[in-house]
Amino acid sequence: MSDKLDILIFGAHADDAEIGMAGTIAKHVAAGRSVGICDLTQAEMSSNGTVEIRRGEAEQAAEVLNLKVRTNLGLPDRGLFATPEHVERITAEIRKHAPSIVFAPYWEDRHPDHVAASRLVEEAVFNAKLRRYLPELPPVKVDELYFYFINDIGRTDLIVDVTEQYGTKERALSCYRSQFEKTDKNAVSTPLTEGYIERVRARDSLLGARSLIPYAEGFASKSPYTVHLFGSKQA
């Protein structure tokens, strides 16, 4: 089986991509696109759950979303920094899958790992095209880099109507019981266990409201977005 992907999404932790864009993932998979997620860490610093539990939850969510591949680089949770090693690991993942489109967490967020992941992926996308960088791997030029929201909404350049896929998004999120529910007596209260999924639903509803869309997911871009004709909406 080829490692080539149409879309590769990076998250600092398993569940980041699902929070931000599970509906968009489901929509593109249904349209025949090959989609993969790369989790940068094993989320070993999470207040609830274990590495093993989180791994199983990520696998379940991957099945719900019908991903072509889900990988984990095993970088240190709460230890993501713009080091040459971290950039190289992410660059190698991009070159392995040669995606046309890459998604990363938005560059402003209350969780420092999300901010760090955003910067790391942006640097890796740039480095991936340099033929003299990691010359043992063929260079890859990513056509588009977009940023999705996790905890905090920022500048929204694009929205995707995910109304038909919203049930799939909620099923994917429900796989992460250790994060969004107090599953045992040792679980502690965190922002995730206190109605977080309901807040995500409200956010996605609000994002779509201006366009009379029941549920939408928002994205930002640091590059100009091409419009072929003003007054026509692109899918």
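Scanning the stretch 108-132 for residues that are open to solvent by 50 Å² or more (accessible area, probe 1.4 Å) and closer than 23 Å to residue 3 by Cα yields a count of 7.
Results for (1) over 25 Å from residue 85 (Cβ atoms); (2) of a type in the set (A, V, I, L, M), shown as yes or no for each residue.
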| position | (1), (2) |
| --- | --- |
| 106 | no, no |
| 112 | no, no |
| 122 | no, no |
| 139 | no, no |
| 144 | yes, no |
| 155 | yes, no |
| 162 | yes, yes |
| 173 | yes, yes |
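Taking the criterion of being part of a loop (DSSP other than H, G, I, E, B) and of a type in the set (S, T, N, Q), the residues of the stretch 194-224 that qualify are 211, 221, 223.
Checking each residue of the stretch 105-117 against the condition of being free of Cβ contacts under 8 Å to residues at least 12 places away in the same chain and over 26 Å from residue 153 (Cα atoms) gives no match.
Open to solvent by 10 Å² or more (accessible area, probe 1.4 Å), out of contact with any Leu (no Cβ under 7 Å at 6 or more places or on another chain) and either modelled with pLDDT under 95 or part of a helix (DSSP H, G or I) (or both) - does that describe any residue in the stretch 8-26? No, the stretch 8-26 contains no residue that is open to solvent by 10 Å² or more (accessible area, probe 1.4 Å), out of contact with any Leu (no Cβ under 7 Å at 6 or more places or on another chain) and either modelled with pLDDT under 95 or part of a helix (DSSP H, G or I) (or both). Is there a residue being in a helix (DSSP H, G or I), touching a strand residue (DSSP E or B) at 6+ places or on another chain (Cβ under 7 Å), among the hydrophobic types (A, V, I, L, M, F, W, C) and buried (at least 21 other Cβ atoms within 10 Å of the Cβ) anywhere in the stretch 39-58? Yes: the stretch 39-58 contains one or more residues that are in a helix (DSSP H, G or I), touching a strand residue (DSSP E or B) at 6+ places or on another chain (Cβ under 7 Å), among the hydrophobic types (A, V, I, L, M, F, W, C) and buried (at least 21 other Cβ atoms within 10 Å of the Cβ).
A count restricted to the stretch 135-151 and to residues that are more than 23 Å from residue 218 (Cβ to Cβ) and either buried (at least 16 other Cβ atoms within 10 Å of the Cβ) or charged (D, E, K, R) (or both) stands at 4.
The values are calculated or read from the model by the stated rules, or taken from the named source; none is laboratory data. The structure presented is a predicted model; accordingly, all values stated were derived computationally and were not measured. Glycine gets a Cβ as well: all are built from the backbone with ideal geometry, and neighbour counts include every protein chain shown. Accessible surface is based on the protein model in full, side chains and every heavy atom, while ligands, DNA and RNA are left aside. Shrake-Rupley method; radii C 1.70, N 1.55, O 1.52, S 1.80 Å.
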